[in-house]
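First up is the structure itself, then whatever we jot down about it.
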Amino acid sequence: MSYPGLSLEGKVALVTGSSRGIGAALAIGLAQAGANVAVSDVPRQLDEARGVQSQIEGVDRKSATYELDVLNLANIRESVDAVVKDFGRLDILVNNA
């Protein structure tokens, strides 16, 4: 799917709770609009999150999966730092979880 008039080319997005449902759809949609996407979820959902990562890579966007529990402040900081380290920046944050 394309999004005429909306280009996120070169942007980096982090979507929390992106292993399934609305979060997965948002992550894939951001990638289709041109963004590279950091997929994240709690440990028990990481296999599903990796599936979303594969779909994003299938539209020729960079993606990685991160363990991120939004109830754990230290984990949030670690995950955001890892995204910035891996992608070089963070432009878009979608708090879906």
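For the chain, the longest principal axis of the C-alpha atoms and the axis of helix 73-87 are separated by about 40°. Paramagnetic label reach from L71 (point 7 Å along Cα→Cβ; backbone nitrogen cut-off under 19 Å): within the range 8-31, residues 16-20. Out of all DSSP beta bridges in the chain, what portion is antiparallel? Express it as a percent rounded to 5. Counting DSSP beta bridges with both partners in the chain, the antiparallel share is about 0 percent. What you get for the chain, charging only the Cβ of Lys and Arg (+1) and of Asp and Glu (-1), is a dipole of about 120 debye around the Cα centre. Here's the picture: charge each Lys and Arg Cβ at +1 and each Asp and Glu Cβ at -1 in the range 9-88, and of V12, I76, Q53 the one pushed furthest to the positive end of that dipole is V12.
On a 0 to 90° scale, report how tilted helix 21-32 is relative to the longest principal axis of the chain, with both axes built from alpha carbons and the result rounded to the nearest 10. The helix 21-32 is inclined about 50 degrees to the chain.
Any read-out appearing in this document is the output of simple, stated calculations on the displayed coordinates, not a laboratory observation. These numbers come from a predicted model, not from an experiment. No Cβ is skipped: glycine too gets one built from the backbone with ideal geometry, and neighbour counts run over all protein chains shown.
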